[in-house]
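Worksheet: one structure, shown below.
The values are calculated or read from the model by the stated rules, or taken from the named source; none is laboratory data. This one's a predicted model, so the numbers in the text were calculated from it and none came from an experiment. No Cβ is skipped: glycine too gets one built from the backbone with ideal geometry, and neighbour counts run over all protein chains shown. Protein only, heavy atoms only, side chains kept; ligands, DNA and RNA dropped before computing areas. Shrake-Rupley method; radii C 1.70, N 1.55, O 1.52, S 1.80 Å.
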Amino acid sequence: MQHYHSEQIDSILSSVFGFRSFRPHQEEIVRAILEGRDVFAVMPTGGGKSLCYQLPARLMDGVCVVVSPLISLMKDQVDAARINGLNAGTLNSTISATEKNEIGAALRQNMLDLLYISPERFNSEHFIERLKTLKVAFFAVDEAHCISEWGHDFRPDYLALSKIVHEFPSVPVAAFTATATPQVANDIVTRLGLRNPHLTRASFNRPNLFYRVIMKQNLDEQLRDFLADHAGESGIIYRSSRKKVDATAEMLQSNGISARPYHAGMSDVYRHAAQEAFSRDECQIIVATIAFGMGIDKSNVRFVVHADLPKNIEGYYQETGRAGRDGEPADCTLFFGRQDIVQQLHFVDEIEDGHARDIAKEQLRQMIRLAEHNSCRRVMLLKYFGEDFSTSNCNGCDICVDDHEWEDATIPAQKVLSAIHRTKESFGAVHLTEVLVGANTEKIRQFKHNLLPTYGVGKDKSKNYWRTVIDALISQKIIFVENPTLPILKLTEEAWFILRGQKKFQMMKQEIHSGKTKTSSLSATNQLSDLMPFSKPLFERLREIRTELAKAENVPPYVVFSDRTLHEIARDFPRNPEELLQIHGVGQHKFEAYGSRFLAVVKEFCEQYPDEAANIKSSSLPLVSVPANLTLTPTYLETYSLIRQGRTIDEMVKERNLARSTIVGHLEKLGEAGLEISVDQFFVPERLAQIEKWFRESGGETENFLLKPAVELSAGQLDYEEARLARIFLRKRISKK
Ligand code: ADP
Ligand code: MG
């Protein structure tokens, strides 16, 4: 057996693929394959499974036969491999006779690195015999969960693959899947007959994905708001039925948003065209049922929206997993409405097999818990896959990145609770909101609820508002639904404390719930380096060139270069080949094919905007060492980045769409973290001296810097925020002394 040196492996990684280092587990898998072992690897979507077989395929003598489930996507896979300079081909019904001949010849001459084929090929005796005449380095089975009936995507064609180990006893088999359940994993190993395989189970954590749940109210409006924040970005919107897919796609189209529907009720041709357009960035958004997604390798999907409640966590994870394969920040938003629970339960009830129904019900329950719990989404998600992800702050979900603003809602809560109490804890949310706003419904007249003291006490607010309060009360476990099939709201003991005024109730501010999410997708990352700004106008130009080149070669744009590569170019402004080759994703082959075009764009851009490169450099975050025990979430760092760019408080309030008090809160935390903030940016010396005087004269002990006495003493000249802001610098001064 041939021995491979680390240098060989590393050099292919950088020169062919253009990557500086392996992602977790890639190297061990590559080595196991090179050693001739069977492999079974469970890695999340975007984990980089392709490289695990493509790299050895390049190094080893003979062809690597890749089994992949969807013929329609094989062309993209082949193109992507070819653009990296690998010799790849496919033999399936879609290719021309000429191409078939070329590939046949390459195979006979042992020139091909990768041969992509569909599983049903192994049902053909003829095909197997032909393969036997060739030198096969190893087999790679992609999407291997398709062989398991337990998996969410069973394909009977895959069963033919159990023949491989019998027909080719001396050829190694490497199987890959992103499906996480242990049952499916065992099943795959058994059915493929893997022989003492090297086993890899990567973490399912996707650090670049930001998870968020928003209460669903007026979905269309919420989607439009959401998309306004994601202008021009590729994304998928999942809906639970074909009808809803069509309705949402139409709604978006009529609002001038580039969107196309995708579901199993459409003709193959039309569906394929939609997928193709999405893949090539010719259409921005795909609105789809869960039929969409498997095997789509589009790496620059920047967001995945679930506009309806998914059936289970596994599905939710797989679907959100399609975002951000390139490792760049991406956003996963679930619009969660209580009415969806009822609908999903309805689907579940239609399952005939009792056991299957119980499982489905339990899975749905877990999904609901994930959506309504006020605890870290990432922790819950990973726990589902048996992973103990312990962190006090994942920095990548709406719960952990605390830029919600909370407001006191004790009085509205009391109104809701009293309505529940007065109606004898026998009604659901819809009826209760109607009582609160004083609606004149049949049901209200029937139960004489118009005579209750609570009737109409909430007229000043909308039904949606009351719905939000009810949802907040449920999620904080102050009221609860006893039986999910009969959504009647009941009071807990906690509720009585609030009713009697012994306890306060807080909820997140409305605008957050309404979907006007101000958290940019930057929050999706917890790496300082990713917060480095890049030139947006240059990025746009690079994108145009990418599209143009992709069109010329008839491949999807992300195959030419990933978003990550373009971001880095727009940040580093490479001026020469050496610098460009340093950029992530630029390998020798791609460099030769596209390098000069991209260098030319950078050069032209720099001539037109001579200051931009310097601006980007100076606005990028300085290298600061943040104490390890201090968690600074990206939202703080974003503020910090703006401070470094010289923004005033008011400008930041505008730009980040956060309250002044929140921004000041960020500054306080940044100050505590020991990050350098220049006092001159916020105070002229006289003002600070004046504030210090108020503190000293009102507070006694200066070190305490009590806000209230100082603000009161100033008689309207100092507000709380300014006092807090001043305190950051005054405290520092004291600690320096
Ligand atoms: P999977 O099949 O596991 O979902 P892919 O093989 O499609 O993932 O890879 C996802 C993305 O990650 C691709 O854009 C790929 O170019 C990129 N990638 C793979 N390996 C690396 C690496 N070592 N460094 C950086 N990016 C990588
Ligand atoms: Mg893959």
Check your understanding: Going through the range 455-478 one residue at a time, which ones are of a type outside the set (Gly, Ala, Ser), under 17 Å from MET508 (Cα atoms) and not in a helix (DSSP H, G or I)?
Key -> LYS461, GLN476, LYS477, ILE478
Check your understanding: SER15 passes all but one of (1) away from ligand 1 (no atom under 13 Å from the Cβ); (2) buried (at least 23 other Cβ atoms within 10 Å of the Cβ); (3) of a type in the set (Gly, Ala, Ser); which number fails?
Key -> (2)
**Study point:** Residue in the range 149-173 that is nearest to ASN123 (Cα to Cα), counting only those that are touching an Asp or Glu at 6+ places or on another chain (Cβ under 7 Å) and modelled with pLDDT of 90 or more
**Key:** ALA160
Exercise for review: Working only within the range 319-343, note down all residues that are of a type in the set (S, T, N, Q) and surrounded by fewer than 22 Cβ atoms within 10 Å (Cβ to Cβ).
Suggested key: GLN339, GLN343
Review point. So is THR133 closer than 26 Å to MET294 by Cα, touching a Lys or Arg at 6+ places or on another chain (Cβ under 9 Å), open to solvent by 10 Å² or more (accessible area, probe 1.4 Å) and hydroxyl-bearing (Ser, Thr, Tyr) or not?
Key: no
**Study point:** Odd one out for GLU99 among (1) surrounded by fewer than 21 Cβ atoms within 10 Å (Cβ to Cβ); (2) within 10 Å of ligand 1 (Cβ to nearest atom); (3) not in a loop (DSSP other than H, G, I, E, B)
**Key:** (2)
Check your understanding: Under 8 Å by Cβ, and 6 or more places apart or on different chains, what pairs join a residue from the range 262-283 that is of a type in the set (S, T, N, Q) with one that is part of a loop (DSSP other than H, G, I, E, B)?
Key -> GLN275/PHE292; GLN275/ILE296; SER279/ILE296; SER279/LYS298; SER279/PRO556
Review point. Which residues, counting only those in the range 1-54, are out of contact with any strand residue (DSSP E or B) (no Cβ under 6 Å at 6 or more places or on another chain), outside any helix (DSSP H, G or I) and among the small types (Gly, Ala, Ser)?
Key: GLY18, SER21, GLY36, GLY46, GLY47, GLY48
Revision key, fill the gap. Matching residues in the range 362-407 (charged (D, E, K, R), modelled with pLDDT under 90 and within 20 Å of LEU309 (Cβ to Cβ)) number 6
Check your understanding: Which of the residues spanning the range 546-584 are among the polar types (S, T, N, Q) and under 23 Å from ASN208 (Cβ atoms)?
Key -> SER562, THR565, GLN582
**Study point:** Tally of residues being at pLDDT below 95, within 14 Å of ligand 2 (Cβ to nearest atom) and either open to solvent by 20 Å² or more (accessible area, probe 1.4 Å) or assigned to a loop (DSSP other than H, G, I, E, B) (or both) across the range 270-318
**Key:** 7
Practice item. Kindly indicate whether LEU473 is of a type outside the set (D, E, K, R), touching a strand residue (DSSP E or B) at 6+ places or on another chain (Cβ under 7 Å) and buried (at least 20 other Cβ atoms within 10 Å of the Cβ). Key: yes
Exercise for review: Looking only at the range 83-106, decide whether some residue is within 15 Å of ligand 2 (Cβ to nearest atom) and without any contact (Cβ under 8 Å) to a residue 60 or more places away in the chain.
Suggested key: yes
Review point. Within the range 579-617, can you find the residues that are outside any helix (DSSP H, G or I) and open to solvent by 60 Å² or more (accessible area, probe 1.4 Å)?
Key: GLN582, TYR609, PRO610, ASP611
Review point. Can you spot a residue in the range 566-578 that is within 19 Å of LEU86 (Cβ to Cβ) and either of a type in the set (Lys, Arg) or part of a helix (DSSP H, G or I) (or both)?
Key: no
Practice item. Answer yes if at least one residue in the range 24-37 is of a type in the set (Gly, Ala, Ser), within 11 Å of ligand 1 (Cβ to nearest atom), on the phi < 0 side of the Ramachandran plot and touching a residue at least 24 places away in the same chain (Cβ under 8 Å), and no otherwise. Key: no
Review point. Taking the range 163-193 as the region of interest, how many residues are open to solvent by 20 Å² or more (accessible area, probe 1.4 Å), under 24 Å from LYS132 (Cα atoms) and either within 13 Å of ligand 1 (Cβ to nearest atom) or touching a residue at least 60 places away in the same chain (Cβ under 8 Å) (or both)?
Key: 1
Exercise for review: Scan the range 18-31 for residues that are surrounded by fewer than 22 Cβ atoms within 10 Å (Cβ to Cβ) and of a type outside the set (Phe, Trp, Tyr) and jot them down.
Suggested key: ARG20, SER21, ARG23, PRO24, HIS25, GLU27, GLU28, ARG31
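Specify the residue that is farthest from ligand 1 (Cβ to nearest atom); the eligible residues are those in the range 38-63 that are among the charged types (D, E, K, R) and under 22 Å from ARG325 (Cβ atoms).
ARG58
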Study note, to complete from the structure: When the range 434-454 is checked residue by residue, the ones that are assigned to a loop (DSSP other than H, G, I, E, B), open to solvent by less than 70 Å² (accessible area, probe 1.4 Å) and more than 23 Å from GLN217 (Cβ to Cβ) are LEU452
Practice item. Only residues that are in a strand (DSSP E or B), aliphatic (A, V, I, L, M) and in contact with an Asp or Glu (Cβ under 7 Å, 6 or more places away or on another chain): list them for the range 179-237, please. Key: VAL213, MET215
